[in-house]
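Each reported figure results from applying straightforward, stated rules to the coordinates on display, with no laboratory input. What you see is a predicted model; the values in this text were computed from it and never measured. Every residue, glycine among them, receives a Cβ derived from its backbone with ideal geometry; neighbour counts consider all protein chains shown.
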Amino acid sequence: MIDRRLLLRTSGGAAAGALGALALSSTAAAAAEPAGHSTAHHPVDPDPTAGVTRTLLQEHPSPAEGWEAVQTLVQIPRHKESGRHSHPGIEVGYIIHGDVLMEFDDRPPLRLRAGDPFFIPDGAVHNARNVGTVTTMMLSTYVVDETKPLVTTY
């Protein structure tokens, strides 16, 4: 069985730390630039997934052999996103707090607000982008192939 706790704790964490100094230096450079003299129309966030956390709440064998149920609490800070990814099974979720735009590679995006449920099909590439004014909190339950990583990033 894959150690999902390790996967959940480390996804994006190393990159966030490594890029933290770059984000600060980019912010300082932009602040020092005179108004109206921007070299870029829209600055690009060097790490749009920085600060996103996935906390493992529970993990249990599924009644179907080779599958397991995993439940996580996902938190996405303002102006951040989960990053394009997929899961080796279904995701059933609920927005506890905040607003998110759930973007898909193969269908129109969904605007989700606190109290909204959502469903992500097996293998669907998606990205949850926080479009609100507070940290988005999502409860996500997965029924996934236990032999594969919970999250595959793109």
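Given R₀ = 25 Å, FRET efficiency for T147-V92 by Cβ-Cβ distance, to 0.05?
The value I calculate is 0.75.
Give me the tail of P(r) for the range 45-104 as a percent: Cα-Cα pairs with distance above 18 Å.
43
Full-extension gain between T55 and V134, please, as 0.36 nm times their residue separation minus the C-alpha to C-alpha distance.
26.6 nm
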